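S.K.: Below you'll find the structure I mean.
The values are calculated or read from the model by the stated rules, or taken from the named source; none is laboratory data. For clarity, every value in this text was computed on a predicted model and none was experimentally measured. Note that each Cβ is placed from the backbone with ideal geometry, even for glycine, and that neighbours are counted across all protein chains shown. Side chains are part of the model used for accessible areas, which takes the heavy atoms of the whole protein and leaves out ligands, DNA and RNA. Shrake-Rupley method; radii C 1.70, N 1.55, O 1.52, S 1.80 Å.
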Amino acid sequence: MAYTINADCTNCSACEPSCGVGAISEKDGKRWIDPDACVDCGACEDSCPVAAISPQ
């Protein structure tokens, strides 16, 4: 089950460096998690300052 980023994302990019597999990128002005690359580690959820990331 991959993590997802919801509409509360402010595109601050704090989550991107926390992803050890490079599953997070920018898409349409927001951060996006590639569900095929996500390994469900949860590091991105812990790094988000606005709690916009959660398990799908």
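S.K.: Are there any pairs, at least 6 apart or on different chains, whose C-beta atoms fall under 6 Å, with the first in segment 1-28 and assigned to a loop (DSSP other than H, G, I, E, B) and the second of a type in the set (Ser, Thr, Tyr) and open to solvent by less than 80 Å² (accessible area, probe 1.4 Å), and if so, which?
M.R.: Final answer for the pair search is ALA14/SER47; CYS15/SER47.
S.K.: Another one. Would you please name the residue that is nearest to the chain's Cα centre (by Cα), looking only at residues in segment 1-10 that are farther than 10 Å from ILE53 by Cβ and surrounded by 12 or more Cβ atoms within 10 Å (Cβ to Cβ)?
M.R.: If we filter segment 1-10 for residues that are farther than 10 Å from ILE53 by Cβ, which is where we start, we get 1-2, 7, 10.
With surrounded by 12 or more Cβ atoms within 10 Å (Cβ to Cβ) added as a condition, the list becomes 2, 10.
Working: ALA2: 10, THR10: 12 Å.
Out of the qualifying residues, it is ALA2.
S.K.: Let me ask something else about it. Residues being of a type in the set (A, V, I, L, M) and out of contact with any helix residue (DSSP H, G or I) (no Cβ under 8 Å at 6 or more places or on another chain): count how many of those fall in segment 24-50. Give the derivation first.
M.R.: Looking only at segment 24-50, we keep the residues that are of a type in the set (A, V, I, L, M), and these are 24, 33, 37, 39, 43, 50.
From what's left, out of contact with any helix residue (DSSP H, G or I) (no Cβ under 8 Å at 6 or more places or on another chain): 37, 39, 50.
Adding up the residues that qualify gives 3.
S.K.: Can you give me the number of residues within segment 29-55 that are touching a residue at least 24 places away in the same chain (Cβ under 8 Å), open to solvent by 30 Å² or more (accessible area, probe 1.4 Å) and among the β-branched types (Val, Ile, Thr)?
M.R.: The number of residues fulfilling the criteria is 1.
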